[in-house]
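The values are calculated or read from the model by the stated rules, or taken from the named source; none is laboratory data. Just so you know, these numbers come straight off a predicted model, no measurement behind them. Please note: Cβ atoms are built from the backbone with ideal geometry, for glycine as well, and neighbour counts cover all protein chains shown.
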Amino acid sequence: MISIQDVSKWYGEFQVLRDCTTRVDKGEVVVVCGPSGSGKSTLIKCVNGLEPFQKGEIRIENVSVGDRRTNLPRLRARVGMVFQHFELFPHLTVMQNLTIAQRRVLKRNVRGATDKGLALLEAVGLKAHAQKYPAQLSGGQQQRVAIARALAMDPIAMLFDEPTSALDPEMIKEVLDVMVRLAQDGMTMMVVTHEMGFARRVAHRVIFMDQGRIVEDRPKDDFFKDPGTERAQQFLSKILAH
Amino acid sequence: MSLGLPHTFLGLDWSIFAQPAFDRSGTYFQFLLVGLQWTLIISVLGWAVAFVIGSIAGIMRTLPGRILPSIAAVYVEVFRNVPLLVQLFLWYFVMPELIPGIGMWFKQGLNPLLQQMVAAVLCLGFFTGARVAEQVRSGLGSLPRAQRAAGLALGLNLMQVYLLILLPVAYRIIIPTLTSEFLNIIKNSAVASTIGLVELSRQSQQLGEFTAHWYESFIAVTVLYAAINVAVMLAARYLERAARLPGLVGGHK
Amino acid sequence: MPALDWSSIPGALPFLWNGMLVTLSITGVAILVGIVLGTLIATARLSANPIPSSLAALYVNGFRSIPLVMVLLWFYLLVPQLIQALFKNPAADIRLVSAFVAFSLFEASYYAEIIRAGIQSVSRGQVSAGLALGMSRAQTMRLIVLPQAFRRMLPLLLTQAIILFQDTSLVYVIGLSEFFGVAYRTGDRDGTIVELLLFAGAVYFVLCFAASSLVRVLQRKIAL
């Protein structure tokens, strides 16, 4: 579904991604981890074209992301994305956050968009908050709304960019629970996160990145049993020590 | 043609600036220079008034107690909420009538040009002073409160604390905003044309009226204003660099 | 202090009111056109393409480096010739049209800078979120960035409108009779300049002070 082939990216002289190659198949959950500055967030933003890259190719259902002729908005409308800082639109209510792209991008009618929004809010346990503004919600609630907002577009895949790293510890679980359910329902997911518990429960594969390079890309059980590289071992022991 | 310009350029006749002015004071080029000179004179003198009054009012707003801060606040509000042109006419037509002593001196002791100059300088000074006061206040307000306490703890009195400790840093912080106020005072000085002061914009109007070469006149004066603008900005950049403190407000560690 | 004679003011009130209508119409037109044009210029200035961004910068810096008095004189020179060229028989009040054009274009340069800062204050993440939902750049700007930017800029936009309201008095230099012009000419005719100028100043003060106090209340509300 998502294939990443030899992708490299530079900020001026500085190379942030080095020949990254991997793929995410339909229904697969892939967790991307690695120390900060390893390029994992940059990589996931390249997938839906939010960050340009200079070399290599990324394809989503055989549509090339880097191709200038690709209609990026249409492509992005089919790929959901959840951000580290939620990025709910503060001037819109929760319901408006859920319906704005359905209406303006997918051209759904008010009724259909609202029904869809309500169903998804119910699924993430926030139906009662539909008319509130984002600032009136806790971080965990906001992130659940953000997930519902992405799902409202009926995406073929979901990208998560460190969805819990801006949350207080007691709110992480409520967000991860939603993500676990999504994974169990068979959603194709690419998740940048340090939550190894999440990876153990639902990931099919784990990718470990360091200094812009994909260092490990292995089935989950292999990765946790015996990380091949020393860097990954160090990283895991540091994360698990918390 | 003394300016080294072609007589016609862009379809306009630039030789007009080499011709004698209607008032026989020299060429029209010199005529504009007179305007430039008055623009600079009232701007700089107005700025001096604004800087002193604005600093005093800005400091007053940060002082303890009620009376002094309120007086300064009233000053700022009055001079910010009345149009510049109205203020100028009040200084020029009303002040001499309402304040007998100064009014007599103004009306009898000064020739018309000096009357215009005094009114323009006071107007620009008090108008801009209200804005400077707000900036001085915010500059002082941006300093850590412990600075004042530290100064007092050393045995300095409040006046010394302001002069030796707070103001030297506050002024450095607000150099950029003071620069834009200085640019504003130069632009605002053009209102003095309305009471007949022969500053730059007045001269450009007169030149247009007497020669009908409006475009040449307006283009020349517009370019002069833009040039003053650039010169002031360069000077301000130099001042900012010279006044920079290591490790503070953009300085080097 | 001489005794003041306020007797000519009541009779002048209808004329002063008409002048105030001119003042308000110039202010209103300049706010509307200024904000719309200012928004376009601000987005051009933030464009990644160097051609629109440098043209916008030239526009903004050009207008901001010359006195408003000169801008008014310029347009009073240009607009009548344009009108003559466009319409054979100019029926419009040329001074008023010149003032509309001059203030609209002049204010656009000031509004553009306020709006640019407002747009830049909206985080990049918000733009990413809009794009990630499949919105085009224009949609993201219109639906996500500008509504937030305008909310944040509102106090500054209103303060600029108050400054504009005061600045309209400068149409005196092209001989247009708005509120201040009427006051001055009435005073000049009746020999009551002192009284009329004091009255005009008081009116401006009351209106502008009330408006800026409201802006301050609004600012506190937005900050919460």
Checklist entry - Counting only residues that are away from chain C (no Cβ under 12 Å) and closer than 26 Å to A:Val215 by Cα, which one in segment A:64-92 is modelled with the lowest pLDDT? => result A:Gly66
Checklist entry - Quick one: in segment B:180-199, which of the residues that are surrounded by fewer than 20 Cβ atoms within 10 Å (Cβ to Cβ) and either within 15 Å of B:Arg244 (Cα to Cα) or of a type in the set (Gly, Ala, Ser) (or both) is farthest from the other protein chains (Cβ to nearest Cβ)? => result B:Gly196
Checklist entry - What number of residues in segment C:128-162 are among the aliphatic types (A, V, I, L, M) and more than 9 Å from every other protein chain (Cβ to nearest Cβ)? => result 11
Next on the checklist: Going by what's in this entry, would C:Leu78 be described as in a helix (DSSP H, G or I) and closer than 21 Å to C:Arg116 by Cα?
Outcome noted: no
Item to check | Residues that are among the aromatic types (Phe, Trp, Tyr), at pLDDT below 90 and under 21 Å from A:Val16 (Cα atoms), drawn from segment A:189-242 | outcome: A:Phe235
Item to check | Within segment B:67-156, helices (runs of 4 or more DSSP H) holding 3 or more residues that are in contact (Cβ under 8 Å) with a residue 60 or more places away in the chain and within 14 Å of another protein chain (Cβ to nearest Cβ) | outcome: B:84-89, B:112-141
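One line per residue, one yes/no per condition, for (1) among the hydrophobic types (A, V, I, L, M, F, W, C); (2) farther than 24 Å from A:Leu240 by Cα; (3) surrounded by 14 or more Cβ atoms within 10 Å (Cβ to Cβ); (4) touching a helix residue (DSSP H, G or I) at 6+ places or on another chain (Cβ under 9 Å):
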{"site": "A:Trp10", "(1), (2), (3), (4)": "yes, yes, yes, no"}
{"site": "A:Glu13", "(1), (2), (3), (4)": "no, yes, no, no"}
{"site": "A:Arg18", "(1), (2), (3), (4)": "no, yes, yes, no"}
{"site": "A:Gly27", "(1), (2), (3), (4)": "no, yes, yes, no"}
{"site": "A:Gly34", "(1), (2), (3), (4)": "no, no, yes, yes"}
{"site": "A:Lys40", "(1), (2), (3), (4)": "no, no, yes, no"}
Checklist entry - Among (1) free of Cβ contacts under 8 Å to residues at least 60 places away in the same chain; (2) in contact with a strand residue (DSSP E or B) (Cβ under 7 Å, 6 or more places away or on another chain), where does A:Glu87 come up short? => result (2)
Next on the checklist: For segment B:109-118, check the following and say yes or no: at least one residue is surrounded by 15 or more Cβ atoms within 10 Å (Cβ to Cβ), at pLDDT below 95 and of a type in the set (Gly, Ala, Ser).
Outcome noted: no
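Can you tell me which of C:Thr186, C:Thr168 is within 12 Å of the chain's Cα centre (by Cα), buried (at least 19 other Cβ atoms within 10 Å of the Cβ) and either more than 9 Å from chain B (Cβ to nearest Cβ) or part of a helix (DSSP H, G or I) (or both)?
Working: C:Thr186 fails: within 12 Å of the chain's Cα centre (by Cα).
Exactly one residue qualifies, and that residue is C:Thr168.
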Checklist outcome for this item: Of (1) touching a helix residue (DSSP H, G or I) at 6+ places or on another chain (Cβ under 8 Å); (2) farther than 30 Å from B:Ile219 by Cβ; (3) polar (S, T, N, Q), B:Ser70 satisfies every one except (1)
Checklist entry - Can you pull out the residues in segment A:56-78 that are touching a residue at least 12 places away in the same chain (Cβ under 8 Å), more than 14 Å from A:Ser3 (Cα to Cα) and outside any loop (DSSP other than H, G, I, E, B)? => result A:Leu72, A:Pro73, A:Leu75, A:Arg76, A:Ala77
Checklist entry - Of the residues that make up segment A:136-159, is at least one out of contact with any helix residue (DSSP H, G or I) (no Cβ under 7 Å at 6 or more places or on another chain), hydroxyl-bearing (Ser, Thr, Tyr) and within 27 Å of A:Phe198 (Cβ to Cβ)? => result no
Checklist entry - Counting only residues that are in contact with a Pro (Cβ under 6 Å, 6 or more places away or on another chain) and in contact (Cβ under 8 Å) with a residue 12 or more places away in the chain, which one in segment C:133-186 is farthest from C:Ser98 (Cα to Cα)? => result C:Gln166
Checklist entry - When A:Val31 is evaluated against the numbered criteria (1) in a strand (DSSP E or B); (2) over 23 Å from A:Ala148 (Cβ atoms); (3) in contact (Cβ under 8 Å) with a residue 40 or more places away in the chain, which criterion, by number, is the only one it fails? => result (2)
Checklist outcome for this item: Selection from segment B:200-216 of residues within 11 Å of chain C (Cβ to nearest Cβ), polar (S, T, N, Q) and in contact (Cβ under 8 Å) with a residue 40 or more places away in the chain yields B:Ser201, B:Ser204
Checklist entry - Between a first residue in segment C:1-28 that is more than 23 Å from B:Gly103 (Cβ to Cβ) and a second residue that is hydroxyl-bearing (Ser, Thr, Tyr) and part of a helix (DSSP H, G or I), which pairs have beta carbons less than 7 Å apart while being 6 or more apart in sequence or on different chains? => result C:Ala12/C:Thr186; C:Phe15/C:Thr186; C:Thr23/C:Thr168; C:Ile26/C:Thr168; C:Thr27/C:Thr168
Checklist entry - From the set of residues in segment B:217-229 that are facing chain C (nearest Cβ under 8 Å) and hydrophobic (A, V, I, L, M, F, W, C), which is farthest from the chain's Cα centre (by Cα)? => result B:Phe218
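Going by what's in this entry, would A:Thr229 be described as closer than 22 Å to C:Ala129 by Cβ and polar (S, T, N, Q)? Even if it seems obvious, please write down each step before you answer.
Details: closer than 22 Å to C:Ala129 by Cβ: no; polar (S, T, N, Q): yes.
So A:Thr229 does not fit the description; no.
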Item to check | Criterion: surrounded by fewer than 22 Cβ atoms within 10 Å (Cβ to Cβ), touching a residue at least 60 places away in the same chain (Cβ under 8 Å) and within 8 Å of chain B (Cβ to nearest Cβ) - qualifying residue of C:Val215, C:Val194 | outcome: C:Val194
Item to check | Neighbours by Cβ (under 6 Å, 6+ apart or cross-chain): first from segment C:46-75, within 14 Å of another protein chain (Cβ to nearest Cβ); second part of a helix (DSSP H, G or I) and among the aromatic types (Phe, Trp, Tyr) | outcome: C:Phe63/C:Phe106; C:Ile66/B:Tyr225; C:Val71/C:Phe106; C:Trp74/B:Phe218
Next on the checklist: Just the residues that are more than 15 Å from C:Ala138 (Cα to Cα), buried (at least 17 other Cβ atoms within 10 Å of the Cβ) and polar (S, T, N, Q), please, taken from segment C:24-58.
Outcome noted: C:Thr27
